[in-house]
1. In the list ILE189, ILE181, which residue meets the criterion of being more than 28 Å from the chain's Cα centre (by Cα), in the same structural domain as VAL22 (by TED's automatic domain parsing) and at pLDDT 75 or above?
2. Within segment 33-61, which residues are modelled with pLDDT of 80 or more and farther than 30 Å from PHE233 by Cβ?
3. Using the structure shown, decide if ASN66 is modelled with pLDDT of 80 or more and surrounded by fewer than 17 Cβ atoms within 10 Å (Cβ to Cβ).
4. Determine if segment 7-28 includes at least one residue that is touching a Ser or Thr at 6+ places or on another chain (Cβ under 9 Å), surrounded by fewer than 14 Cβ atoms within 10 Å (Cβ to Cβ) and assigned to a helix (DSSP H, G or I).
5. What number goes with the only condition from (1) more than 28 Å from VAL119 (Cβ to Cβ); (2) surrounded by fewer than 15 Cβ atoms within 10 Å (Cβ to Cβ); (3) in contact with a Ser or Thr (Cβ under 8 Å, 6 or more places away or on another chain) that ALA81 does not pass?
6. When you scan segment 194-215, do you find a residue that is among the basic types (Lys, Arg), buried (at least 19 other Cβ atoms within 10 Å of the Cβ) and either modelled with pLDDT of 80 or more or part of a helix (DSSP H, G or I) (or both), even just one?
7. Quick one: in segment 68-122, which of the residues that are outside any strand (DSSP E or B) and touching a residue at least 60 places away in the same chain (Cβ under 8 Å) is farthest from GLN134 (Cα to Cα)?
8. So LEU272 passes all but one of these: (1) in contact with a Leu (Cβ under 6 Å, 6 or more places away or on another chain); (2) free of Cβ contacts under 8 Å to residues at least 40 places away in the same chain; (3) not charged (D, E, K, R). Which condition number does it fail?
Amino acid sequence: MYSILQAFKNIFQNKFISFISVLSIALVFTFINLISSINYYSLDFIESSSSKIENQIYLKNTEPENLNLISEFLYKYENIAFNVINEKEGLENLSQKYPNLESFLVKNKISNPLPLTIVIQSKDLTTFASIKNQISKNFPENYDKTLNSKTNASLNPIIKNLLIFQNLSNKILIFSTLSLIIISTLILIISIRNNFHTRKNEIQIMQMLGAKYSKIQNPIIVESNIIILTGLFIGFYIAFYLTRLLSIQIDKNIINKFIGAEIIVSILIASLLSIIICKKQLKKERLIHDL
């Protein structure tokens with residue numbers, strides 16, 4: 001209780017420094033949370049949209065043995081899903097869209113004109129291009145060159161741009177995290193030095209009365225945590241409000257996990273930096289000799 005009361009006392013005694021410290025940390029946390037939210041949203045969009053990019057390869061004269069070989073070849077590719085649609089299934093699917101199709105074929109004595117089709121779902125066109133080239137090369141007697149392989153990859157350019165943005169945002173997050181550590185370190189150094197300056201006589205009296213090192217250090221650790229956590233919560237709520245304005249929806253469980261991780265990391269960083277800076281400052285001021 002003494003540490004908490006002393007920490008708040010120090011904060012109110014140094015209102016201007018405390019305000020600037022909280023504001024600086026809040027701005028950095030706002031930026032980190034905003035970029036993280038956009039990054040997560042873009043990743044979720046990529047994962048949900050990638051399944052919508054379907055690529056179709058048409059085959060001919062395909063015996064079960066050949067189809068098994070082609071399937072085994074496709075299983076070698078990671079991050080793709082494929083489905084084989086035979087001629088009958090293809091006609092049934094098309095008949096759902098055009099109900100009179102089968103009766104038209106029967107009436108005009110036309111056999112099923114649809115080829116055996118492999119529908120491939122992949123995250124980018126390069127994978128599909130590679131698969132198409134390999135099938136045409138390794139199974140030339142089964143690859144139907146007369147029909148152009150199709151893709152509904154209108155989302156592909158969007159996904160490519162999002163992947164570029166995601167790569168950039170990851171670098172920005174690393175830079176922002178390093179900036180937060182540097183800013184926090186500088187703020188804590190200034191705060192702790194100012195703390196020692198205003199409490200120098202008090203600390204000397206505490207030393208003469210036989211106060212333990214922890215009694216001097218603990219209020220400073222608590223003060224540092226209060227400043228950083230206050231900045232964290234302010235930054236989080238500003239970023240949360242901005243994501244709402246941008247219509248970015250993120251699952252509450254993800255938000256809770258993220259803010260929980262931020263709190264734990266912030267407490268660890270604040271406590272560790274406070275201990276290191278406090279010990280060095282005590283030695284520098286020669287207030288405590290036996291550390």
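1. Every option except ILE189 fails the conditions.
2. GLN56, ILE57, TYR58, LEU59, LYS60, ASN61, listed by residue number.
3. Against the criterion (modelled with pLDDT of 80 or more and surrounded by fewer than 17 Cβ atoms within 10 Å (Cβ to Cβ)), ASN66 qualifies.
4. Yes, because at least one residue in segment 7-28 is touching a Ser or Thr at 6+ places or on another chain (Cβ under 9 Å), surrounded by fewer than 14 Cβ atoms within 10 Å (Cβ to Cβ) and assigned to a helix (DSSP H, G or I).
5. Here ALA81 meets the rest and fails (1).
6. For segment 194-215, residues among the basic types (Lys, Arg), buried (at least 19 other Cβ atoms within 10 Å of the Cβ) and either modelled with pLDDT of 80 or more or part of a helix (DSSP H, G or I) (or both): present.
7. Here is the first cut: in segment 68-122, the ones outside any strand (DSSP E or B) are 68-80, 86-115, 122.
Those still in the list that are touching a residue at least 60 places away in the same chain (Cβ under 8 Å) too: 69-70, 73, 122.
On the way: LEU69: 13, ILE70: 10, PHE73: 9, SER122: 16 Å.
In this case the residue turns out to be SER122.
8. That leaves (1) as the condition not met.
The values are calculated or read from the model by the stated rules, or taken from the named source; none is laboratory data. From a predicted model like this one, the values you see are computed outputs, not experimental measurements. Every residue, glycine as well, gets a Cβ built from its backbone with ideal geometry; the counts of neighbours run over all protein chains shown.
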